[in-house]
Amino acid sequence: MSAPPTREACLARDAHDPLRALRERFDLPEGVIYLDGNSLGARPRAALARAQEVVAREWGQDLIKSWNSAGWFDMPKRLGDRLAPLLGARAGEVAVTDTTSLNLFKALAAAIHLQAHGPGAARRVIVTERSNFPTDIYMAEGLAGWLERGYSVRLVDSVEEIPAAVDGDCAVLMLTHVNYRSGHQHDMAALTRHAHAQGALVVWDLAHSAGAVPLDLHAAEADFAVGCTYKYLNGGPGAPAFIWVPERHQARFSHPLSGWWGHAAPFAMAPSFSPCGGIGRALCGTQPVVSLALVECGLDVFDDTDMEAVRAKSLALTDLFIELVESRCAGHPLTLVTPRAHARRGSHVSFTHPHGYAVMQALIGRGVIGDYREPEIMRFGFTPLYTSHADVWDAVAILKDILDSKAYDVKAARSAVT
C-alpha cells in the first residue's frame with residue numbers, strides 16, 4: 001500500500017486544479033475550513049452587492065414598480081431556466097419557488113392525482129426509505145393522512161428492498177437521490193425504469209445532488225423532482241427551493257395549493273381558480289424576492305464550469321478524505337458509512353464515532369466546520385467550487401490531533417442545530 005499524499009502533494013494538486021479560480025468567487029472566513037456546504041453553501045462574493053441592490057434600489061427607490069421593471073414577477077421561471085441545465089432539464093420545466101417540503105407536497109399530490117385519474121387508480125401506497133430525510137417522510141405521511149381513500153406510506157430498510165416494495169399497490173416511489181446521512185447515491189435511471197415497469201410514478205429529491213453531481217432527469221425518464229438551492233447551489237440560508245415538472249406532465253399537473261401565482265391571469269382577480277400553462281402551475285403564493293435574487297449569484301458561478309469538472313473534483317476530494325482519515329486516524333473507532341464506489345457516492349463523506357457529536361464540536365472549535373447527524377454520524381461536505389485538496393489534508397490533521405489527544409467533551413451540550 002502506498003503512503004498517503006503529503007500536504008505538499010495536495011498543494012501541487014491545487015496548483016493544477018482547473019476549478020481553483022472559482023474559490024475567489026466566494027467570501028470564506030479566514031482560518032476556517034468549511035466542510036458543510038452540503039448543508040449550507042458558502043456566500044458568493046456577489047451576493048452582498050446584489051442584496052444591497054434589491055433592498056436599496058429595486059425596493060427602496062423603485063418600490064412596487066420593480067415587479068415589472070426589475071423582473072421580479074418572472075424571477076421563479078427565469079431562475080428555473082438557468083438552473084435547468086444542471087438538472088438535465090429543459091427551459092420551461094423548472095421553477096425556483098417555495099420550500100423543498102412544499103414542492104415535494106405538490107409533486108406527490110400531482111403524482112397521486114395522475115394515478116387516481118388513470119390506470120393506477122387502485123394504487124394507494126407511497127414507497128420510500130426509512131433513512132430518507134425525515135421531512136420527506138413527514139410530508140408523505142401528512143398527504144396520505146389527508147386523503148380519504150386509504151393511502152399509506154411504506155418504508156423500506158435497505159436499498160435492496162426497494163424493487164420488491166414497488167409492487168401493484170405502489171402509486172409513487174419517492175426517493176432522495178443522495179442520502180443525507182450516508183452520502184449513498186441511487187441509480188436514478190435504473191430505479192425509475194423499474195418503477196415505471198410496475199406502473200408507479202417516481203418523485204426524486206435532489207437536495208444533496210443539485211450542483212454536486214451530474215444529473216439528467218430526462219435521460220432517466222423521471223416524473224417529478226424537487227430540491228433546494230441553499231446547499232451546493234449556494235443560494236443562501238432558507239433560499240427558495242425548486243420543482244421540476246417535465247413538459248409531458250405539465251398539462252395534467254395539479255395540486256391542492258392553488259395560489260394566485262399559479263393562476264392563468266392572477267391580476268384578473270377572478271373568484272375561481274384557473275391554472276396557468278406550463279411550469280407556472282407549480283407556483284403558489286407571492287414570491288420572496290430578496291431570497292430569489294441571491295439564488296442567481298450562486299448560479300452565476302456555474303457559468304464558468306461544467307458538472308463533469310465539478311464531479312471529477314468532488315470524487316478526488318472525497319477519495320482523498322477517506323484515504324487520509326483511514327490511514328492517519330487508524331486505531332480510532334471511526335467507521336465509514338459512505339460508499340467507496342464512485343457511482344454510488346455523492347459529495348459528502350460520513351464517518352461514525354461513539355462520541356461523534358463531541359468530536360464534531362471540537363473540530364468546529366478548531367475551525368473545521370462539518371456537522372453531525374444521528375446516530376453518531378459526522379458529516380463532511382466537499383464543495384468543489386471552493387474546497388481545496390490542502391483543506392482536506394489540514395482538516396484530517398486537526399481531526400487526528402483531536403482524536404489522539406481526546407480533546408473533545410463527551411458531555412458537550414447539544415445545540416438546537418447540530
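Things to note:
- Column: log10 I(q)/I(0), Debye, Cα scatterers of the range 157-254, q = 0.10, 0.13, 0.21 Å⁻¹: -0.28, -0.47, -1.13
- Ordering ILE279, PHE133, THR176 by the projection of their Cα atoms onto the charge dipole of the chain, which places +1 on the Cβ of Lys and Arg and -1 on the Cβ of Asp and Glu, puts ILE279 at the extreme positive end.
- Rounded to 10°, Cα long-axis angle of helix 307-328 versus longest principal axis of the chain: 40 degrees
- If you model the range 1-42 as an ellipsoid using its alpha carbon gyration tensor, with each semi-axis the square root of five times an eigenvalue, the axes come out at 24, 14, 10 Å, biggest first.
- Along each principal axis, taking the top coordinate minus the bottom one, the Cα set of the chain gives 67, 58, 40 Å in descending order.
- Between PHE321, THR387, GLY331, the Cα set farthest toward the positive side of the dipole of the range 289-389 (charges on each charged residue's Cβ, about the Cα centre) is that of GLY331.
- Extents of the range 108-212, taken as max minus min of Cα coordinates on every principal axis and listed largest first, are 36, 27, 25 Å.
- Per residue, the chain exposes an accessible area of 42 Å² to a 1.4 Å probe, with every protein chain left in place.
- Apportionment of accessible area to carbon and sulfur, the chain, percent (1.4 Å): 56 percent
- Environment charge at PRO163 (Cβ cut-off 12 Å; Lys +1, Arg +1, Asp -1, Glu -1): -3
- Shape metrics for the range 93-147, restricted to C-alpha atoms - Rg then Dmax, Å: 12.0, 33
- Dipole magnitude of the chain, debye to nearest 20 (Cβ charges: Lys/Arg +1, Asp/Glu -1, about Cα centre): 440 debye
- Projected over every direction and averaged, the convex hull enclosing the alpha-carbon atoms of the range 37-99 yields 5.5 nm².
- Considering the range 1-144 at the alpha-carbon level, its Rg and Dmax are found to be 22.3, 66 Å.
- Cβ-based net charge around ASN234, under 10 Å, with every Lys or Arg adding one and every Asp or Glu removing one: +2
- Folded to 0 to 90 degrees: helix 389-405 orientation relative to the chain principal axis, Cα: 60 degrees
- Only helices enter this figure: runs of n ≥ 4 DSSP H residues, each worth -39500 (n - 2.57), summed and divided by the residues of the chain, yield -10500 deg cm²/dmol at 222 nm to the nearest 500.
The values are calculated or read from the model by the stated rules, or taken from the named source; none is laboratory data. Since the model is a prediction, treat every value here as computed from it, not as a measurement. Every residue, glycine as well, gets a Cβ built from its backbone with ideal geometry; the counts of neighbours run over all protein chains shown. Please note that ligands, DNA and RNA were not included when accessible areas were found on the heavy atoms of the full protein model with its side chains. Shrake-Rupley method; radii C 1.70, N 1.55, O 1.52, S 1.80 Å.
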